[in-house]
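Chemist: Got a structure for you, questions after.
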Amino acid sequence: MTYHLPAGKAAAGPYAVDITPERAGWGFSALKVLDLPPGGTHTFDAAGSEWIVLPLAGGCTVTVAEDTGEQTFELAGRPDVFSGVSDFVYVPRDAAATVISPGGGRFALTGARCERRLPARYGPAFDVPVELRGTGNCSRQVNNFGAAGVFECDRLIAVEVITPGGNWSSFPPHKHDEDRPGEESVLEEIYYFEFAAHDGTPGLGYQRVSPSGRGRGTDVLAEVRDGDVVLIPDGWHGPSMAVPGHHMYYLNVMAGPGAERAWLICDHPGHAWIRDTWPAQPVDPRLPLYTAHERSR
């Protein structure tokens, strides 16, 4: 199994990235990335999965068709992932959704197989909690648009992480590949990467996943660039390293078999002490890159 998929290697049909549970060899998590030209349109069936349509660049309308009728949602989107939080749309299982982008853009479809059919909903950008996690060179920004306890889904958990150039995130290394109630949950995870260029030079970073002694023994040390994907069925994951001068973005998509939708992690015992150093250091002054828009009055 290849766990690092460079840009283009995960493409299929209309999608620049098309990770299904079947392709990943697991049970729940999915990710599709759709590029649309100006005026472009795309329709997909949710089938047995729930989805969040999240603009990465550009805006769109999303029409969700169910047996009870249709709803259309306008997404303002954003110029790119480094310039602002985006609004989004939840598409329930057993529905069909049509994405239309008058100006063109790139859109992530984050998905998870699920049982419950929840209502289609709009998620405004101003409701997205922007969290600063870690301090010093472990500082990063987390946009918790689809986090457990923030936005209701059946199984899907999805967040965005921005790591300033030169910083390490997903550190200390952590895992979620054991069912230990109240301490750790089993979650399959997808990382999708984008980078801020500098004077026309593309960015890059590095991703580490090391075996935890469970599951497939996943072992990855990858140089990652725009559009790359890393699959994490098990193992200690982190650090995610952004090279100096280039901010790193990654979209995390998670889901698992547990009855409770929860992100419960276990830190690597050899590196967990790093958290104890954070209170003595300031948060990287470059953060937040941006905050959520204020609610319109």
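Chemist: Can you tell me which residue is nearest to the chain's Cα centre (by Cα) among those in segment 161-198 that are of a type in the set (Val, Ile, Thr) and surrounded by fewer than 24 Cβ atoms within 10 Å (Cβ to Cβ)?
Modeler: Filtering segment 161-198 for residues that are of a type in the set (Val, Ile, Thr) and surrounded by fewer than 24 Cβ atoms within 10 Å (Cβ to Cβ), the one nearest to the chain's Cα centre (by Cα) comes out as VAL161.
Chemist: Further, regarding this structure: Looking at THR110, THR20, THR63, THR43, which is the one that is among the hydroxyl-bearing types (Ser, Thr, Tyr), within 25 Å of LEU289 (Cα to Cα) and touching a strand residue (DSSP E or B) at 6+ places or on another chain (Cβ under 8 Å)?
Modeler: THR110
Chemist: Further question: Cβ-Cβ distance below 9 Å, separation of 6 or more or different chains: which pairs start in segment 8-24 with a residue that is free of Cβ contacts under 8 Å to residues at least 24 places away in the same chain and buried (at least 16 other Cβ atoms within 10 Å of the Cβ) and end on one that is of a type outside the set (Asp, Glu) and in a loop (DSSP other than H, G, I, E, B)?
Modeler: Final answer for the pair search is ASP18/ALA10; ASP18/ALA11.
Okay, residues lined up against (1) more than 16 Å from GLN207 (Cβ to Cβ); (2) without any contact (Cβ under 8 Å) to a residue 12 or more places away in the chain; (3) out of contact with any Asp or Glu (no Cβ under 7 Å at 6 or more places or on another chain); (4) hydroxyl-bearing (Ser, Thr, Tyr):
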| position | (1), (2), (3), (4) |
| --- | --- |
| THR218 | no, no, no, yes |
| GLY256 | yes, no, no, no |
| PRO269 | yes, yes, yes, no |
| LEU289 | yes, no, yes, no |
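Chemist: A further question follows. Would you point out which residue out of VAL128, VAL99 is surrounded by 16 or more Cβ atoms within 10 Å (Cβ to Cβ), among the aliphatic types (A, V, I, L, M), within 28 Å of TRP26 (Cα to Cα) and at pLDDT 95 or above?
Modeler: VAL99
Chemist: Please state which one of TYR191, TYR206 is touching a Leu at 6+ places or on another chain (Cβ under 8 Å), more than 24 Å from PRO79 (Cα to Cα) and among the hydroxyl-bearing types (Ser, Thr, Tyr).
Modeler: Being touching a Leu at 6+ places or on another chain (Cβ under 8 Å), more than 24 Å from PRO79 (Cα to Cα) and among the hydroxyl-bearing types (Ser, Thr, Tyr) holds for just one of TYR191, TYR206, which is TYR206.
The values are calculated or read from the model by the stated rules, or taken from the named source; none is laboratory data. Just so it is clear, the model here is predicted, and its values are computed rather than measured. Cβ sites come from the backbone with ideal geometry, for glycine too, and all protein chains shown count toward neighbours.
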